[in-house]
């Protein structure tokens, strides 16, 4: 396994925002599937490979929330109910809230954590509270999917973390989104929440469609390397309610742009109804006979495996920015060293992988003397260039954290393969 999966919780917000900006400039690749449906009558306005099997990633959490809303509706839980955090929940991989085993979280906070943060630890907390166990909750998810007629969907966990048997398609995700609106309209409004406060932290949504599209009601994003970038979007304009699904985009930017284009066309009435969501006249043409994709879709997951030599820390270092691709990170560090060699007086590229919704790389230069590191940052900051000086101890702490997460990811991937 390549050294492409790491976590550092230091400077996470700044790194994440930098990654979002970079994602918008990556090459565009075709999505695996796209669908647009009129919620009022189930009429399909656009369908492209809508029955093609794909990995749902965090779109899985739409079903997790549906079953939570169901438990609230029957009185099993209330918004003030406190849910226990188990060891299994606390051990989930990022993205998560970082809940500790033995602690509690209210249902209201849990909903926000799923909608806004897409927290994997909270998904397991909900599963155990509603289902009694994670395994039983997964059975409930599959039973509900069958009840809705989601004929090509199988769930294997409550979070959407990678599992080879956890598959869906665009049609099934649209059916689930519509069921959430029709059955729990008041709870459905929570998908439009853009931020919440938790334990003194201000957490904002990373759903760009919700933040940028007029009339957007939110819903859910999802990402894994094999799923690509997924999005279920909901919007209402002048009483017309549309739900869109985009699966398997190579990056976040094209995914969001595709959703925006579909929605705009739908609201302008540029798209004539094709057929109903319950019946696809050409299922083979929509991908019903295809196998689930086994390749990595997301472009930033396709990285070379020789990055380890750029992760050795020595003496003082500086951090100069963020790149999504490993090769771009290496090029950036080398260009910086060449341009500022007179002030640096040495140094070699340093990359610290970090995990947000994907792998990104904190770019820097290591092997510096303290005064040279300070002088370099003072020099480039005068040109409005980001630069931060780090001691050897601080950078090694960040790298040690990354190594620990790598071991956890390797162990989990091995279990999934077995």
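The values are calculated or read from the model by the stated rules, or taken from the named source; none is laboratory data. Predicted model, so just to flag it, every value in this text is computed and none were measured. Please note: Cβ atoms are built from the backbone with ideal geometry, for glycine as well, and neighbour counts cover all protein chains shown.
List of remarks:
- Hits in region 18-70 - residues which are modelled with pLDDT of 95 or more, assigned to a loop (DSSP other than H, G, I, E, B) and farther than 24 Å from residue 94 by Cα: 39, 40, 41, 42, 49, 50, 51, 52, 53
- Candidates 353, 304 - the one that is in contact with a helix residue (DSSP H, G or I) (Cβ under 8 Å, 6 or more places away or on another chain), closer than 30 Å to residue 32 by Cα, modelled with pLDDT under 85 and not in a strand (DSSP E or B): 304
- Residue within region 90-109 that is in a helix (DSSP H, G or I) and crowded, with 24+ Cβ neighbours inside 10 Å present: no
- Entry remark, region 174-193: residues being at pLDDT below 95 and within 18 Å of the chain's Cα centre (by Cα) number 0 in total.
- Only a single item in (1) under 23 Å from the mean Cα position of the chain (by Cα); (2) more than 23 Å from residue 233 (Cα to Cα); (3) surrounded by fewer than 23 Cβ atoms within 10 Å (Cβ to Cβ); (4) touching a residue at least 60 places away in the same chain (Cβ under 8 Å) is not met by residue 145, and it is number (2).
- Applying the set (1) over 18 Å from the mean Cα position of the chain (by Cα); (2) crowded, with 16+ Cβ neighbours inside 10 Å; (3) outside any helix (DSSP H, G or I) to residue 272 leaves exactly one unmet item: (2).
- Matching entry among 267, 280 (being over 30 Å from residue 365 (Cα atoms), surrounded by 15 or more Cβ atoms within 10 Å (Cβ to Cβ), in the same structural domain as residue 163 (by TED's automatic domain parsing) and modelled with pLDDT under 95): 280
- Selection count, region 191-218, where residues are in contact with a strand residue (DSSP E or B) (Cβ under 8 Å, 6 or more places away or on another chain) and in a helix (DSSP H, G or I): 4
- Any hit, region 248-255, residues being under 14 Å from residue 208 (Cβ atoms) and at pLDDT 95 or above: no
Results for (1) crowded, with 23+ Cβ neighbours inside 10 Å; (2) farther than 15 Å from residue 145 by Cα; (3) out of contact with any helix residue (DSSP H, G or I) (no Cβ under 7 Å at 6 or more places or on another chain), shown as yes or no for each residue.
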| site | (1), (2), (3) |
| --- | --- |
| 163 | no, yes, no |
| 169 | yes, no, yes |
| 177 | yes, no, no |
| 181 | no, yes, no |
| 186 | no, yes, yes |
| 192 | no, yes, no |
| 198 | no, yes, no |
| 201 | no, yes, yes |
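- The single condition from (1) modelled with pLDDT of 85 or more; (2) out of contact with any helix residue (DSSP H, G or I) (no Cβ under 9 Å at 6 or more places or on another chain); (3) within 30 Å of residue 374 (Cα to Cα) that residue 321 fails is (2).
- Selection status of residue 57, surrounded by 24 or more Cβ atoms within 10 Å (Cβ to Cβ), at positive phi and touching a residue at least 24 places away in the same chain (Cβ under 8 Å): yes
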